[in-house]
Amino acid sequence: MKPVVQLERTGCGIASVAAIAGLSYPKAKSIANSLGIYTSDSALWSDTAHVRRLLRHLGFSVSPRELPFRSWNALPDLALLSIKWHLERGRPYWHWVVFVREDGRACVLDSKKGLRRNRRTDFGRMKPKWFIPVTAARQGL
């Protein structure tokens, strides 16, 4: 799985879905827009419904609830993570990233444009609050 860099400040959810689905950012954004999901909607980083709907539309199975982060080893092989979780005027916000374990190696695919490397293994620096398990239900994944 390869990281996808977000092309907009608010596009981390769409970029995370693009990485999971193996799509480019523009293609994932186009599909999201066709579903009424736009990066201008702040709910993209304060609600999980849009990202879940986009993943389901692309044929993925997504857990219906967020599970508390306990440890990196306890994560499933594929999950959406909330990092940089904080409250603004009583509303939760976070940055979406993808946790993936392939061939026994774990990493986080972080879509932030300014990073030197978007494939991260600096687990001690990231502070996930919760995660959403994702199952590659699509044929061939």
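The values are calculated or read from the model by the stated rules, or taken from the named source; none is laboratory data. Owing to the predicted nature of the structure, the values given are computational and were not obtained by experimental measurement. Counting neighbours? That spans all protein chains shown, and the Cβs are built from the backbone with ideal geometry, glycine included.
For this structure, a couple of remarks:
- When residues of region 1-31 are limited to those that are in a helix (DSSP H, G or I) and of a type in the set (Ser, Thr, Tyr), the one surrounded by the most Cβ atoms within 10 Å (Cβ to Cβ): Ser16
- Counted residues, region 68-104 - those being of a type in the set (D, E, K, R), within 17 Å of the chain's Cα centre (by Cα) and modelled with pLDDT of 95 or more: 2
- Filtered residues of region 81-96 (kept if part of a strand (DSSP E or B) and either of a type in the set (Phe, Trp, Tyr) or out of contact with any Pro (no Cβ under 8 Å at 6 or more places or on another chain) (or both)): Lys84, Trp85, Leu87, Glu88, Arg91, Pro92, Tyr93, Trp94, His95, Trp96
- Restricted to region 44-80, and to residues there that are part of a loop (DSSP other than H, G, I, E, B) and of a type in the set (Phe, Trp, Tyr), the residue that is nearest to Val17 (Cα to Cα) is Phe60.
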